[in-house]
Structures are given as C-alpha cells and as structure tokens.
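Have a look at the structure below before the remarks.
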Amino acid sequence: MVYPEIEKRKTFAIISHPDAGKTTLTEKFLLFGGAINTAGAVKRNKANQSNTSDFMEIEKQRGISVATSVMGFEYKDKRINILDTPGHKDFAEDTYRTLSAVDSVILVVDSVKGVEEQTQKLMAVCRMRNTPVIIFINKMDREGKDTFDLLDEIEKQLSISLCPLSWPIGQGYLFKGVYNIYEKQLNLFNPDKNKVTEALVKVKDLDDEELTKHLNPKEVSGLKDDLELIGGVYGELDKDMYLEGLLAPVFFGSAINNFGIRELLDTFVNIAPSPKSRDAETREVLATEKPFTGFVFKIHANLDPNHRDRIAFLRICSGKFERNKFYYHTRLGKKLKFSNPMDFMANEKSLVEEAWPGDVVGLYDSGNFKIGDTLTEGEQLQFKGIPSFSPEIFKEVENRDPLKSKQLEKGIQQLTEEGVAQLFVQQPGNRKIIGTVGELQFEVISFRLEHEYGAKAAFRMLTFKRSSWITSTDKKKLGEIMQRRAHNIATDKEGNPVFLADNDFMINLAKRDFPEVEFHTTSEHK
Ligand code: GDP
C-alpha cells in the first residue's frame, strides 16, 4: 500500500557548531524551494554570544525562533520540513528535543575548524537514536584542513563511517569546484550569493577533454589521484547503512556562495527517510496507521506578557491531524480540540486544516501541555524518546518577594514544563533546585519570572555538577541509598529519584557502595 502524503514528507534538522553555516544553508535551501526570494530572509536565531546579559536580545531571539521553529517548503514534489535548532550551547536541550521530532539530519562542518565541541555532542544524540546523517563540509572557499585529514577527523571523532559523494578541487583561493562522483559532473565554483544556477560540466570520465578545458593538468591529475584513493578507502554508498545511521554521505561546498547546495538537496530528497515508525511506551506506532497520533516536543512562550498563551509544537506521527476535531490528551485524560492550529509553510505562519505524519503544527496552549505529551484519537499511549539530559549547573531557588510566592511557584512550574530548565525537589523542606546546561538559562528564567509572573527570585549556586537518575530492581537498596545519601538525593518533575553529585568521582564512589543501584545519565532508560 502506498501512502503518498507520508512518502512525500522529509522532516529534518540542520545541526552544527555555532558559526559553521547552519543559518546560511537553511536560507539557501529555502531559496531552492522557492519559499523565499532573497538571501537574508532567514533571521539569525542566536542569542548574542558575547554578552549573556543582553535580555532584550534574548527576547528578540525568542520572537524570531517562533517564526523559524519550523520551515516548510516544496521541492521536487516533496514536502520538506526543516526544524530549526538553536546554535547556542546553553540551549542544547532544546536542540536535543527537536532532534526527537526529525527523521534525519544534515550536519554542517566548517572546513577550517573541523569537528568542534558542539558537533560531537549533537552527533552523540543522533547516534542514540540511529538518526541518518548527511554531512555538508562548508566554507570550501576558505583555506581549510586537508580534505583527507578532515574526513579522518570526522570519522574518528564522530564515530561514523563516511562516503564522499562529491570531491573538492582545491580550496580557499584555489578552490575550483567539486566533482560530483556519482553523476560524473564537474561543478565549477562561481562565487555568487544569490544565484541558484551553477556552471555544470558533464564528463564521460576523468580523461574527458571537457575537464582539461576548465582545470589545469595538475588539478586533473590531483583529482584522479584523489578519486582513486577515495574509491579504495570509502567505497560506494550503502543506502541501508545510511538509513541505519551508520554511514554518512559527505558533500563539499560553500553555503554563502550557494555552491554545492543543489547536489546536497537533490541527494537529500532522494535518500533521506520519510516519516518512520516511532516507539511509544506500550508499542511501536507505524506512520501508516490510520488513527492520528502525535507528541509535543517544544513549547514556546508568547512574547506578549498580557497573553500567557503558549505555542506547543506537535510532531504528527501517524494518521491525519484535523482542525477542530477532538483529540485525546493521554496524560491529562481529557479531550481537546484546536481551532487555530498553525502551519509554517514558506517561513510564515498560517492556519492549517489538516496535517500528516512528519508535519509539525503549532497549537495555542493555555497550560495543558508539557514537553513529551501525547495526543491520540482515544488510545492510551505515551511516545518515548524525549529524555531529559543531565544538567551541569544547579542552583537553589530563593524567593525574594514573600508576597509573590504563588506567582513564583507557578512561574517555576510553567517554565520548567516548557523545558527552559529542569526542576528538582529536595527534602526536607521542599528545596527547589533548578538544573540547566548553561548560565544563560538562569538569566532567561529570572527575567521571565519577573516580567511574565511578577515574581522575584534569586539563585544560589550549589556545588553539584552532575546528576544521575537512579533505579534498582531491589527496592530496599534504592531506599537505602536515598536514606543514607539524602543530601545527594532529589526528585525530578515526575517524582523519580535523582542522585546529585559534585563530580564523577562522587558518582563512582556511590556506584561502588551501592552496586545494586543503576545510574543513568538521561531520564529515559530501559
Ligand atoms: P550558524 O551559526 O551555523 O547558523 O552560521 P551562519 O550561517 O550564521 O554563518 C556564520 C558565518 O559564516 C556568517 O558570517 C556567514 O556569512 C559565514 N559563512 C557561511 N557560509 C560560508 C561559506 O561558505 N564561506 C565563508 N567564507 N563564510 C561562510
């Protein structure tokens, strides 16, 4: 049976270390898709990295990121949904969650800088889910690393096999273009930021005279040598291995010059997976099932403080989503309908009547949703795959305005439900501890508590730097660690016990003392 609406959809994220060229590449994709007409139309969605206290900047970014959270466009009869991920490392959790809602990713690597810290972290998350990855090596117009060395570095540091589908001829000042290995086509570099066309030269083989018209003899022989080597080292593209997330096709180009993008996009639409089945706690849900299911992976606060409405981003996993139809919210056990669901085609919000697996719709929410919530047509189901990751900064919340303790409580609860940070509670005394991956989030929380909830909070730094979710089949032992190490124990938002520690050494000690207890770095573990 063929499901054209599902087959048609390709939902993915572009990920990179900040400044590698994610935004530029996104913009060029939209240009190809005809979704925008000019370069510069995609706003840069990043907080000012040099000045973390720039609140207005944060606020502006939040406004922008609603608009750019999802960008849909049509290309070669496919409906492509790009999910945006924040580049700043302090918002890494947001990125991890977004990765739970895509079917594949394109990873951008800066040819000059190679593999960077954030690249490694993001790839670790992709590996966790076996997400298929295509790699785009950007900024070939700059003097970068030796191509073979760079591929070696990527393969080793990201633990993935590679298969170059194009090959660069020179780089930086001497960058001549790329040779498309599978189409046997020379793609000549012609710096132009806004043009969509490229100068293509089709050749029979590497001895074709056409090549020598555009490349000097040294370049031709260099290319021949390189290709011979690649053939031996990397072999042909094994599509199944790509789909299993074990092998990444590699392309080279220059996003800013709109170069090398077309073959990347063409290959992407050709090989990238359409919406796949997804694991729920009780069973696997196939994308082709008729009843609608979906889950919330991101919640966005409204910018206008007078309207506390939020936007919940729902990824559709199966069936057809329809406006004004009642759906079952499985955590709350109640039915909800949505009269103004939003679609994000062509970089603009618009009302959506129906949506299909792979699509993301924005739902206005007055407080019904938490990250990870599932909607169905009545089945009691909970999608898996949106774990919380261990935060690295922990601070205790102190109320600075006793008259506003209710507001503070509500604010903390809603902000943590939105996924801005994680909330832990420690006994005795119901101590509230906020855990984040970056300092920036505390500034966002303080600012929003004050402006949206009228509450004033201070944050007292704690010495904890690690957290592990703890489980044990031996309930007595679990009780024992919780009692004997009470100082290190807190509960997360679901009430699960978490072990807080200053460093890995402390965790290892606890592991040694309590061998029956298992320590997990994410909240989802089986
Ligand atoms: P992001 O942080 O990953 O979204 O990166 P951006 O797309 O904002 O790009 C970071 C910087 O690199 C910007 O100044 C871009 O103009 C520049 N840039 C992007 N692509 C290229 C490229 O192919 N060559 C060169 N030289 N610069 C590029």
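Read-outs throughout are calculated quantities, based only on the coordinates presented, and are distinct from any laboratory measurement. Being a predicted model, the structure only gives us computed values, none of them experimental. Here Cβ is always computed from backbone atoms with ideal geometry, including for glycine, and neighbour counts include all displayed protein chains.
Details
- For the stretch 252-337: rounded, prolate or oblate by the Cα gyration tensor [a/c cutoff 1.5]: oblate
- Cβ-based exposure ranking for 128, 71, 461, in which fewest neighbours within 10 Å come first: 461, 128, 71
- Ranking of 95, 293, 85 by neighbouring Cβ atoms within 10 Å, starting from the fewest: 95, 85, 293.
- Simple rule: put +1 on each Lys or Arg Cβ and -1 on each Asp or Glu Cβ in the stretch 279-376, find the dipole, and look at 294, 332, 372; the Cα lying farthest toward the positive end is 332.
- Virtual spin-label span in nm between residue 210 and residue 332, 7 Å along Cα→Cβ: 6.1
- With one equal scatterer per alpha carbon and no solvent term, the Debye-computed log10 I(q)/I(0) for the stretch 393-520 at 0.13, 0.16 1/Å reads -0.55, -0.78.
- Under the span-like rule (Cα at least 27 Å along the axis, Kyte-Doolittle mean at least -0.5), DSSP H helices of the chain: none
- Estimated FRET transfer efficiency when R0 is 22 angstrom, pair residue 486-residue 522 (beta carbons, to 0.05): 0.40
- Subset of 337/410; 156/224; 176/202; 298/335; 76/239 violating a 23 Å alpha-carbon distance limit: 337/410; 156/224
- Evaluated at q = 0.05, 0.06 Å⁻¹: base-10 log I(q)/I(0), Debye formula over Cα of the chain: -0.22, -0.32
- With Cα atoms as the point set, the stretch 373-464 shows a radius of gyration and Dmax of 14.9, 46 Å.
- Length gained on full extension, residue 364 to residue 5: 126.7 nm, using 0.36 nm per residue less the C-alpha separation.
- The stretch 171-278 - Rg (one decimal) and Dmax (whole number), Cα, Å: 15.5, 52
- For the stretch 353-491, size of Cβ-based charge dipole, Lys and Arg +1, Asp and Glu -1, in debye: 1240
- Note on the chain: with charges restricted to the Cβ of Lys and Arg (+1) and Asp and Glu (-1), its dipole about the Cα centre is near 1820 debye.
- A helix-only calculation puts the chain at -8500 deg cm²/dmol for mean residue ellipticity at 222 nm, using -39500 (n - 2.57) for each DSSP H run of at least four residues, averaged over all residues.
- Each of 189, 321 has some number of other Cβ atoms within 10 Å of its Cβ, and from fewest to most they run 189, 321.
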